[in-house]
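Read through the structure below, which is laid out as structure tokens, and then see the notes.
The values are calculated or read from the model by the stated rules, or taken from the named source; none is laboratory data. Everything quoted here is computed from the prediction, not taken from an experiment. Ideal geometry is used to build each Cβ from the backbone, glycine not excepted, and the neighbour counts take in all protein chains shown.
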Amino acid sequence: MRLRHIPGSEDAVFASPYVLASPEQHRGRFGAVFGNENPIEIEIGMGKGKFIMEQARRHPEVNFLGIERYPSVLLRAIKKQEQSRLPNLYFMCVDAKLLPEIFAQGEISRIYLNFSDPWPKDRHAKRRLTSPGFMEAYGSVLKKEGTVEFKTDNQGLFAYSLASIPEAGWRIQWYTKDLHHTDAAGDNVMTEYEEKFSSMGNPICKLIAGR
Ligand code: SAM
């Protein structure tokens, strides 16, 4: 993602009522943030937030938490949420590697990874959000029957993930290399990157993994 520094974005992000400034304080008690015990789903690397906002709108019976590490990117989503005021959506400005410190075991029902950075060089493989280290972190916060849903147009990252996820002890429950031409296309909510890359003719890959 192209990053443009937005002066003051950090202050604006942490001042928003929709941002959990110290998310680890809610560990094991995130239901209290939403005022209910509905299932919690998170999107890691949510960018400007189109996907998670539409999911929250379509599923009021689910609580959503968007995770993005760059304040200047998160600010765009916050501005939209300050207008929409969806009661089942909050954000955190943190790195996904901190997930086990933020959530208790089994607190999360589903994790979405959408168009994660591919990190094509071998020496950066550990930074890929489907690498074994991250899969272990997801396993420590997900419910036993919880799933990870991953979409990308990057063929290299998708091939890597089809191998790295089972190597980390997970099972690929379903996958496609052309999501927009499957029956699942009807329920699919497109992300900003998905709109851009599919309009260029790139097929969209998706997998669902569980344990
Ligand atoms: N999901 C959005 C979409 O599909 O339009 C944005 C995709 S963009 C390529 C990837 C986003 O993930 C960036 O905004 C980046 O800052 C964020 N990101 C990458 N690694 C992350 C990490 N370890 N923790 C939190 N966010 C991360």
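Please pick out the residue among Glu101, Glu61, Glu68 that is farther than 20 Å from Gly210 by Cα and within 11 Å of the ligand (Cβ to nearest atom).
After ruling out the rest, the residue left standing is Glu68.
Please work out which one of (1) within 13 Å of the ligand (Cβ to nearest atom); (2) buried (at least 23 other Cβ atoms within 10 Å of the Cβ); (3) farther than 22 Å from Pro7 by Cβ; (4) of a type in the set (Phe, Trp, Tyr) is the condition Trp119 fails and give its number.
Failed condition: (2).
Looking at (1) in contact with an Asp or Glu (Cβ under 7 Å, 6 or more places away or on another chain); (2) surrounded by fewer than 20 Cβ atoms within 10 Å (Cβ to Cβ); (3) of a type in the set (D, E, K, R); (4) within 21 Å of Gly49 (Cβ to Cβ), which is the only condition Lys151 fails?
(2)
Within region 71-88, can you find the residues that are crowded, with 21+ Cβ neighbours inside 10 Å and away from the ligand (no atom under 15 Å from the Cβ)?
Gln81
Given the structure, is Phe197 farther than 30 Å from Glu37 by Cβ, surrounded by fewer than 19 Cβ atoms within 10 Å (Cβ to Cβ) and touching a residue at least 60 places away in the same chain (Cβ under 8 Å)?
Yes; evaluated as a whole, the condition is true for this residue.
Can you tell me which of (1) exposed (fewer than 14 other Cβ atoms within 10 Å of the Cβ); (2) within 16 Å of the ligand (Cβ to nearest atom) is the one Phe91 doesn't meet?
Only one criterion is unmet by Phe91, namely (1).
What about Ala32, is it small (Gly, Ala, Ser) and either away from the ligand (no atom under 16 Å from the Cβ) or modelled with pLDDT under 95 (or both)?
So Ala32 fits the description; yes.
Here are some residues: Ile78, Ile52. Which one is within 16 Å of Tyr112 (Cβ to Cβ) and either at pLDDT 95 or above or not in a helix (DSSP H, G or I) (or both)?
After ruling out the rest, the residue left standing is Ile52.
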